[in-house]
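What follows is a set of notes on a single structure, which appears directly below.
The values are calculated or read from the model by the stated rules, or taken from the named source; none is laboratory data. None of the values given here were measured: they were computed from a predicted structure. Cβ atoms come from the backbone with ideal geometry, glycine included; neighbour counts cover every protein chain shown. Only protein heavy atoms, including side chains, enter the accessible area calculation; ligands, DNA and RNA are left aside. Shrake-Rupley method; radii C 1.70, N 1.55, O 1.52, S 1.80 Å.
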Amino acid sequence: MKPFTYERAKSPADAVVALARNPGAKLIAGGTNLLDHMKLEIVTPQHLIDVNGTGLDTIENTPDGGLRIGAMVRNTALAAHPRVKKDYAVLSRAIVAGASGQLRNKATTAGNLMQRTRCPYFYDTNMPCNKRDPGSGCSAQGGFSRNHAAVGGGANCICFFPSDMSNAMNVLDATVEVMKPDGTMRTIPIADFHLLPGDELPVKEFALAPGEMITAVTLPKPPGGKHFYRKVRNRASYAFALVSVAAVIQPDGTGNITLGGVGTKPWRSAAGDAAVPKGAKAVAAALFANPTATDQNQYKLKLAERTIAAVLAAAKG
Amino acid sequence: MKFDTPAGTNPIDQGKVIGKPTHRIEGPLKTTGKATYAAEWHADVPNAAHGNIVGAAIAKGRIKSMDLSAAKAAAGVITIVTADSAGALDKAGRNTAKLLGGPEIQHYHQAVALVVAQTFEQAVAASHLVRIDYDRADDGKFVLADARDAAKPVQGRAADQLLGDFEGAFAAAPVKVDATYTTADHAHAMMEPYATIASWEGDKLTLRTSNQMIDWCRMDVARTLKIPKANVRVLSPYVGGGFGGKLWLRTDAVLAALGARQAGRPVKVVMQRELMFNNSVHRHATIQKLRIGAGKDGRITALDHEGWSGNLPGGGSENAVNASRSMYAGANRMMRNRLALLDLPEGNAMRAPGEAVGSIALEVAMDELAEKLGMDPVAFRVLNDSQVDPAHPEKSFSLRKMIECLQVGAKAFGWNKRSAKPGTRRDGQWLIGMGVAAALRDSPAMTSGARVRLSADGRVTVETDMTDIGTGSYTIIAQTAAEMLGVGLDKVSVKLGDSDFPVSSGSGGQWGANSSTSGVYAACVKLREAVAAKLGIDPATATFAGGKVSGGGKNATLTQAAADGEVLGEDTIKFGGIRDQTHQSAFGAHFVEVGVDSFTGEIRLRRMLAVCSAGRILNPTSARSQVIGAMTMGAGAVLSEELVVDPRFGHFVNHDLAQYEVLVHADVPHQEVIFLPDLDPASSPMKAHGVGELGICGVGGAVANAVYNATGVRLREFPMTVDKVLAGLPELA
Ligand SMILES: Cc1cc2nc3c(=O)[nH]c(=O)nc-3n(C[C@H](O)[C@H](O)[C@H](O)COP(=O)(O)OP(=O)(O)OC[C@H]3O[C@@H](n4cnc5c(N)ncnc54)[C@H](O)[C@@H]3O)c2cc1C
Ligand code: SF4
């Protein structure tokens, strides 16, 4: 780890000022992702701004019946919140399907949205990786790509997006609230928050501009219906999804589905949602119109379809 | 003491302490953090500097140049060890690759430097400043399937065994199976990484380390550093898991010793987790081809097991084929181990080397053949039991209860509820299946010494360089001494893992428990003689019970014997005679029930049962934990554990514990272990075998057979990850 300086921000405004003052600085929340990267020198910020004391750790009802989740709310607290369990169960289930109890106690809403790839080549600084070292190449292509994305891959990167929580936020049509460097606010629909890698370098990941900070995520009023988070993996816990399905299915058979594990970002489309009443095959056909799978991860397309089928079957039952 | 004739009745047979379920005596030290693991001797070595290992960035080639200037100038850096600074080192025969590489690089993450600094953080930070320019060789071989054709027959104990006329018998067999199986490279993935604190006093070196075999470590570090063995002391009283990965002297110890010499002060090295997979040793991947032919009556007539593994030049093989040598009958046999050259990290022993993965292939092939015969897999195995080693019919097994293990297990598990037709049992979305496998693991015995002291307060202290790698050695050794000397466990202290103590068998090859307690038995016999002599009692008739010694009408207490000074017994047990005249193996049977998600192909264990016949079970509590741990590891080998080779870069890609998936608690459901109440007088005075490796043999086969029974999908490439299961599942309706 490279030596770094450190400060604590007392408010979001404080934090964005500090960011502006220290180009290349990083915000640190739970640290469960960032510190690993710093230890391995995957990222080497010279300055850290701790945002744990910014007061963004509350969950509040919104006037329109939704929920506003502060950026520093811990994953454990969010999953256990009574309204989340009752009205947004897909979110609660997605969170507890991820990581471990200890990690979830530290991990925050913003940090989880911003977590970075689990590609093994990204983690090994001896290996070419465009995401870590733009222009060095993508080792996963032509290498070990069994866990990588089967849709949404670009010429330069094919890694899947690992966050479980984000898939649920995505299917719930959440909105990310952001403070800009000048202290004013803007919002980003969750569907636009995570980016496709595209074909240009550096590899794009998040819609956040330099110097911006997430302050909250808001959920619209509860969607009703039955909520599912089905995460498929080789071992029963403590593993990232090969495929996951976040779904809200209404009594009339309509619904919304976001897939995790299979895409370079939470994977959802209007056409996919529209196909829900027609069944898993139709949803998969709509969502996977342009697959970018490798030989090793082709199976994920079929796995995703079958997992959707499992969820739709459970919704009927 | 020489053990060469079957043991008669001896004090161990009293079974007052031995054989009783006993919690580990050092448990409180571990749960309160007082047990000093290798990196934790803060009080004894308060001034250790910190060494951080730099691993090679290529798998094969040479270092062109190394620029240490930035690292040397970094804050806190004391010195940097490289092949240049270390001077000429030797290499012990037990190591294949050099523990300090450069300029030649033999495998990925081979150590090329140790950066020693005042603090851990400084050492790590400076390590990133070491600049190395490599010349990457382009002729590296990393894929076993590609190297297989050039593989050579293995010599020595695993050399070819050819009996009868296999080809003729196989051609004539009316029912047969001919299939190829593969197993992946596996990591020991022990919780405690390699770690050593090295300190020099003049030319005397002390290593506080984590090692299974104290004397080998001592010998090999002396050899590597070219110093007399007598100048080395090795301490390793607590080991946080080894599984064979710590049988050897490894990088941490050599680099700590070199670092401490260069720094002029003690140096601590803890291997980074991300180096643990490529720097160290692993269990080799295998390709195994099995051809088994049987008559319509189900009797095996022909059995061919051919296996391939690969290693660096000079390295050993994974002798998977050994699993088939004496498991089942059949007059016409071919047993052939083949070794290819690979430039991957060094392959070496991991829990039940050979058998652990050989038994997967054999037991799946047996399941396939049973199905073709239309026979129940338990009955098929029972029918083909062989009471002798087919290659040495003159040599019977001293104890072979494979049939009983299978039968007891079948009953206890409810095997009769298994549906013979695959894919026919369901529980909601889950497809349910059961599988069985038999298990065999040889029980070698090794020379083992111990010293036992009786002090004036009546306390008994055992000293031996035996190690406890989490297995429970402390406890069974204490139980042995307590039984032999007629005292309670609370009167016994056990000191292990110090090269100043008599050389023991060490922990490996499931020989540790039986051998080391036999050594303690021998030393206790000596102590009993000395005590009896002191008390004027005939040693031949003296009885030791309740802290008292009696015989020939005389009664005395142990404390009286030590009243005018400590009484000492020291001896070493050596094995021969009856041990060489019989074949000594532990046997078992594994029963597994799995559920396979009919939508996703996820496999989840539901129930596991192991039945073990392993002679006297010295401590049912620790023996059980050995077996359930082994069952978990064996299931992991076929469900999720796989070091993934990148054939371009020549390394194991998934080199951390997030990506190398050992099973977690959520994967491990109900596990049960039944020990058959056996004694084997031909084995040792303890009449015991080993269980630590027996427990892993066969498990994977039972899991795979259960998956087949559940789904009708026969998988032969392990691990059985979701992508493979899915490929075999029928389309959804
Ligand atoms: C072993 C392991 C297993 C895991 N398994 C799973 C899993 O199965 N599923 C899953 O979803 N996750 C998993 N995780 C990931 C875990 O969920 C994330 O590490 C965690 O959510 C990150 O949150 P944090 O608060 O610790 O983020 P940090 O590490 O503090 O920060 C992460 C990133 O977010 C940025 N950031 C933090 N706060 C803000 C803010 N307010 N505005 C803008 N940027 C910000 C930081 O600068 C940094 O770039 C796992 C992690 C580990 C270590
Ligand atoms: S998939 Fe992305 S993260 Fe992985 S090696 Fe390629 S560029 Fe790097």
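Here are some notes:
- For region A:116-130, the set of residues classified as of a type outside the set (S, T, Y), assigned to a loop (DSSP other than H, G, I, E, B) and within 6 Å of ligand 2 (Cβ to nearest atom) consists of A:C119, A:N130, listed by residue number.
Condition check ((1) surrounded by fewer than 24 Cβ atoms within 10 Å (Cβ to Cβ); (2) charged (D, E, K, R); (3) within 14 Å of chain B (Cβ to nearest Cβ); (4) in contact with a Lys or Arg (Cβ under 7 Å, 6 or more places away or on another chain)) across all residues:
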| site | (1), (2), (3), (4) |
| --- | --- |
| A:R233 | yes, yes, yes, no |
| A:T264 | no, no, no, no |
| A:A271 | yes, no, no, no |
| A:A282 | yes, no, yes, no |
| A:T292 | yes, no, no, no |
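- Considering region A:108-123, the residues that are farther than 12 Å from A:H37 by Cβ and within 11 Å of chain B (Cβ to nearest Cβ) include one that is nearest to the chain's Cα centre (by Cα), namely A:C119.
- Residue satisfying condition, being out of contact with any strand residue (DSSP E or B) (no Cβ under 9 Å at 6 or more places or on another chain), of a type in the set (D, E), closer than 18 Å to A:F206 by Cα and more than 8 Å from ligand 2 (Cβ to nearest atom), within set A:D133, A:D164: A:D133
- Restricted to helices (runs of 4 or more DSSP H) entirely inside region B:74-173, those with at least 2 residues that are touching a Lys or Arg at 6+ places or on another chain (Cβ under 8 Å) and open to solvent by less than 70 Å² (accessible area, probe 1.4 Å) are B:120-127, B:166-172.
- Scanning region A:57-65 for residues that are closer than 20 Å to A:S166 by Cβ, away from ligand 1 (no atom under 12 Å from the Cβ) and either within 14 Å of chain B (Cβ to nearest Cβ) or surrounded by 15 or more Cβ atoms within 10 Å (Cβ to Cβ) (or both) turns up at least one hit.
- Pair list, Cβ under 8 Å, 6 or more apart: region A:7-28 residue more than 14 Å from chain B (Cβ to nearest Cβ), other residue modelled with pLDDT of 95 or more and within 16 Å of ligand 2 (Cβ to nearest atom): A:K26/A:V43
- Selection count, region B:261-292, where residues are within 27 Å of B:P153 (Cα to Cα) and either in a helix (DSSP H, G or I) or open to solvent by 10 Å² or more (accessible area, probe 1.4 Å) (or both): 4
- Taking region A:247-260 as the range and being farther than 13 Å from A:N170 by Cβ and open to solvent by less than 40 Å² (accessible area, probe 1.4 Å) as the test, the residues that pass are A:I249, A:G253, A:G255.
- Here A:A79 does not fit the description of being open to solvent by less than 40 Å² (accessible area, probe 1.4 Å), under 23 Å from A:H194 (Cα atoms) and touching a strand residue (DSSP E or B) at 6+ places or on another chain (Cβ under 8 Å).
- B:A253 fulfils the conditions (1) open to solvent by less than 10 Å² (accessible area, probe 1.4 Å); (2) touching a His at 6+ places or on another chain (Cβ under 6 Å) except for a single criterion, (2).
- The set of residues from region B:678-719 being out of contact with any Lys or Arg (no Cβ under 6 Å at 6 or more places or on another chain), aliphatic (A, V, I, L, M), surrounded by fewer than 24 Cβ atoms within 10 Å (Cβ to Cβ) and under 19 Å from B:V592 (Cα atoms) comprises just one member, B:V713.
- Filter result for A:A99 (in contact with a helix residue (DSSP H, G or I) (Cβ under 8 Å, 6 or more places away or on another chain), within 16 Å of ligand 1 (Cβ to nearest atom) and under 20 Å from A:P220 (Cα atoms)): no
- Restricting the search to strands (runs of 3 or more DSSP E) fully inside region A:153-260 and requiring at least 2 residues that are among the hydroxyl-bearing types (S, T, Y) and within 15 Å of ligand 1 (Cβ to nearest atom) gives A:213-219.
- Residue count for region A:29-42 satisfying the condition of being buried (at least 17 other Cβ atoms within 10 Å of the Cβ) and within 14 Å of chain B (Cβ to nearest Cβ): 6.
- Among (1) under 30 Å from B:N52 (Cα atoms); (2) more than 9 Å from ligand 1 (Cβ to nearest atom), the one test that A:D87 misses: (1)
Yes/no matrix, rows are residues, columns are (1) open to solvent by 10 Å² or more (accessible area, probe 1.4 Å); (2) in contact with a Pro (Cβ under 7 Å, 6 or more places away or on another chain); (3) assigned by TED's automatic domain parsing to the domain that holds B:V596; (4) at positive phi:
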| site | (1), (2), (3), (4) |
| --- | --- |
| B:A412 | yes, no, yes, no |
| B:L431 | yes, no, yes, no |
| B:M434 | no, no, yes, no |
| B:V452 | no, no, no, no |
| B:R459 | yes, no, no, no |
| B:M466 | no, no, no, no |
| B:G470 | yes, no, no, yes |
| B:G488 | yes, no, no, no |
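- The residue pairs whose first member lies in region A:140-159 and is within 14 Å of chain B (Cβ to nearest Cβ), whose second member is more than 16 Å from ligand 1 (Cβ to nearest atom) and acidic (D, E), and whose beta carbons are closer than 6 Å, counting only pairs six or more residues apart or on different chains, are A:G143/B:D646; A:F144/B:D646.
- Residue-level analysis places A:S100 among those that are more than 9 Å from ligand 2 (Cβ to nearest atom), within 11 Å of another protein chain (Cβ to nearest Cβ) and open to solvent by 10 Å² or more (accessible area, probe 1.4 Å).
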